[in-house]
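Below is one structure, written out as structure tokens, with a few remarks after it.
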Amino acid sequence: MPTATPGVVLLVQTAFIGDVILASALLEYLHQTEPDTPVDFLVRKGNESLLQQHPHVRHVLIWDKKHSKYQGLWRLLQQVRAARYARVITLQRFASTGFLTAFSGAPERIGFQKNPFAFGFTRALPHIIGGGVHEVTRNLRLLDPAYRGPIVPPRLYPSPADEAAAAPYTTHGPYLCIAPTSVWFTKQFPQEQWLKLLAALPAHYRVYLLGGPPDVEACEELLRLSNRPNMVNLAGKLSLLASAALMRGAVLNYVNDSAPMHLCSAVGAPTCAVYCSTVPDFGFGPLSPFARVVEIPGGLECRPCGLHGYQKCPLNHFNCAHGIETTQLLAVLAEAELHAAGSRQVGTSAEGGTGNLALS
């Protein structure tokens, strides 16, 4: 059990993978502003691999939500109270982590006003979705309510083992990655739409399909139906951080509004984010240096239909996905190719090679 020293911070984010990735921006901000402050991080079981080797995290605490959920929460509370944290900050608006924060015994207990246990916080801030404010900024204001600076990108740190796992797939020439699935049906670009893209992509690109163990079957079916040569299904074969390392070297990564998009942001990988039922204005958009959002031209009256998406289109047409044109996705690839070429030129110039070529 971690033993806290004066000033130790506990960050709490036990939601989905993407939420944890976005929360890593707070680790970067704390490292910049309070480099001597130790930080522990509480995640749900299954997400700990994202942070266990993170250079700015002292200890990772784990809550197993699937087995003895509430007994586990009670044990965690005892652990947190015994550690005597100076600050406990919950990034969630749900009762369980609000309870943990409110009764942590920390002198500073911070979270959002919408949390049912906000009455037990020493500071509670509004969480307003919309207006183009990014979730990272909303979270940063828990640390500094007056924060009005630029978005601090999330960042993850693939280990040497992660890099080694990805390396064999980077040696076959230029490649693209596609993460075709999502937990939510209305956030997921449909299979027939991915097949159109795969048929139209330039033949010289190797294509890697990415996902976790639950996505293996969907990716395998996409591979079978496309019949595209030079395509490999890596779903379930790479860890999250190994996938991030692979995506970092791609010419472009096609993703949904889901966790792989945030993985791209956390390693600066070039991103084409396909938005179906949700919209970037919610504040969860991509943050890579090269990032583009593709959505239906002109919009729809029914879009967005919800913050997280649904298991089916509420109106049974799913036009927000089917109305996206393959040419939109190909246009982003053309941009990404120019971006990649420009980056190579700048790198060559910095090494004393082509000089003015990088500026032309």
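The values are calculated or read from the model by the stated rules, or taken from the named source; none is laboratory data. Bear in mind that the values here come from a model prediction, so they are computed numbers and not experimental data. Quick reminder, even Gly has a Cβ in these numbers, built from the backbone with ideal geometry, and neighbours come from all protein chains shown. Surface accessibility is based on the protein's heavy atoms, side chains included, excluding ligands, DNA and RNA. Shrake-Rupley method; radii C 1.70, N 1.55, O 1.52, S 1.80 Å.
Here is how the numbers come out for the structure above:
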item	result
Among (1) touching a Leu at 6+ places or on another chain (Cβ under 8 Å); (2) of a type outside the set (Gly, Ala, Ser); (3) open to solvent by 30 Å² or more (accessible area, probe 1.4 Å), the one test that LEU140 misses	(3)
Residue that is farthest from CYS177 (Cα to Cα) [pool: residues in the range 227-240 that are part of a loop (DSSP other than H, G, I, E, B) and either without any contact (Cβ under 8 Å) to a residue 24 or more places away in the chain or not aliphatic (A, V, I, L, M) (or both)]	ASN227
Options CYS276, CYS313; residue that is open to solvent by 10 Å² or more (accessible area, probe 1.4 Å) and either β-branched (Val, Ile, Thr) or over 24 Å from PRO174 (Cβ atoms) (or both)	CYS313
Residue in the range 38-61 that is under 23 Å from ARG155 (Cβ atoms), of a type in the set (Phe, Trp, Tyr) and either within 24 Å of the chain's Cα centre (by Cα) or at pLDDT below 95 (or both) present	yes
Of all residues in the range 179-193 being hydrophobic (A, V, I, L, M, F, W, C) and within 15 Å of ALA321 (Cβ to Cβ), the one that is least open to solvent (accessible area, probe 1.4 Å)	PHE189
Some residue of the range 305-322 being in contact (Cβ under 8 Å) with a residue 40 or more places away in the chain, over 29 Å from PHE16 (Cβ atoms), assigned to a helix (DSSP H, G or I) and aliphatic (A, V, I, L, M)	no
For SER288: the one exception among (1) surrounded by fewer than 24 Cβ atoms within 10 Å (Cβ to Cβ); (2) part of a strand (DSSP E or B); (3) of a type in the set (Ser, Thr, Tyr)	(2)
Scope the range 56-97; condition in a loop (DSSP other than H, G, I, E, B) and either open to solvent by 70 Å² or more (accessible area, probe 1.4 Å) or without any contact (Cβ under 8 Å) to a residue 24 or more places away in the chain (or both); matching residues	ARG58, ASP64, LYS66, HIS67, SER68, ARG84, PHE94
Number of the condition not met by THR122 [criteria: (1) in contact with a Ser or Thr (Cβ under 7 Å, 6 or more places away or on another chain); (2) open to solvent by 70 Å² or more (accessible area, probe 1.4 Å); (3) β-branched (Val, Ile, Thr)]	(1)
Selection from the range 128-141 of residues that are without any contact (Cβ under 8 Å) to a residue 60 or more places away in the chain and more than 23 Å from ALA86 (Cα to Cα)	ILE128
Looking only at the range 258-273, and only at residues there that are open to solvent by less than 10 Å² (accessible area, probe 1.4 Å) and within 14 Å of ARG292 (Cβ to Cβ), the one that is farthest from the chain's Cα centre (by Cα)	CYS272
Odd one out for PRO297 among (1) of a type outside the set (Phe, Trp, Tyr); (2) surrounded by 13 or more Cβ atoms within 10 Å (Cβ to Cβ); (3) under 21 Å from THR271 (Cα atoms)	(2)
